[in-house]
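Only one structure is covered here, and it is reproduced in the block below.
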Amino acid sequence: MTYAEPHLRPGRLGWVAVYGLFVSSGCVGGMGEVSDPFARGGSGGASEAVRIEVQNLNFNDVTVFALRSGQQVRLGRVTGKSDQAFTISWNFAIPISFRVDIVGGQSCRTPSIGVDPGSRVWVQIPSDAGLSNCRSGRR
């Protein structure tokens with residue numbers, strides 16, 4: 001009786017070895033998070049938090065939106081005759097402007113302003129919004 005050795009072709013053995021290395025490298029190398037070499041100080045590039053202080057001098061409640069490149073980000077609602085502060089993530093390469101919707105159907109927009117890291121932005125809704133423009137600026 002003769003013993004027959006299993007026959008593996010050299011091509012198949014090579015593919016099995018390559019597959020094994022591929023799977024093991026994916027399992028070992030996939031552990032942990034990959035850091036972004038272009039990120040500043042661990043943040044997502046140029047995006048950082050911006051503090052926005054809204055002063056509503058109108059008696060009506062308002063909803064405030066931040067506008068950027070065709071997008072609007074809802075900041076929140078500010079009740080009549082009160083102040084409210086919001087914080088959002090912002091890319092400082094893009095100017096910021098605001099749209100304010102006043103309960104009762106009126107609205108106003110502010111011109112675009114540049115935002116720098118660490119600066120605070122203010123928005124003021126006048127008591128006669130609709131007749132006067134909403135204003136914004138940096139501190």
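The values are calculated or read from the model by the stated rules, or taken from the named source; none is laboratory data. The structure presented is a predicted model; accordingly, all values stated were derived computationally and were not measured. All Cβ positions, glycine included, derive from the backbone under ideal geometry; neighbour counts span all protein chains shown.
All conditions in (1) polar (S, T, N, Q); (2) at pLDDT 95 or above; (3) over 16 Å from the mean Cα position of the chain (by Cα) hold for residue 25, with the sole exception of (2). Of all residues in region 110-135, those that are aromatic (Phe, Trp, Tyr) have Cβ atoms under 9 Å from Cβ atoms of residues that are in a loop (DSSP other than H, G, I, E, B) and modelled with pLDDT under 95, 6 or more apart or on another chain, in 122/139. Within region 113-139, the set of residues being in a loop (DSSP other than H, G, I, E, B) and closer than 14 Å to residue 52 by Cα comprises 114, 115, 116, 117, 118, 119, 139. The set of residues in region 121-131 that are surrounded by 14 or more Cβ atoms within 10 Å (Cβ to Cβ) and farther than 15 Å from residue 95 by Cβ comprises 122, 124, 125, 126, 129, 130.
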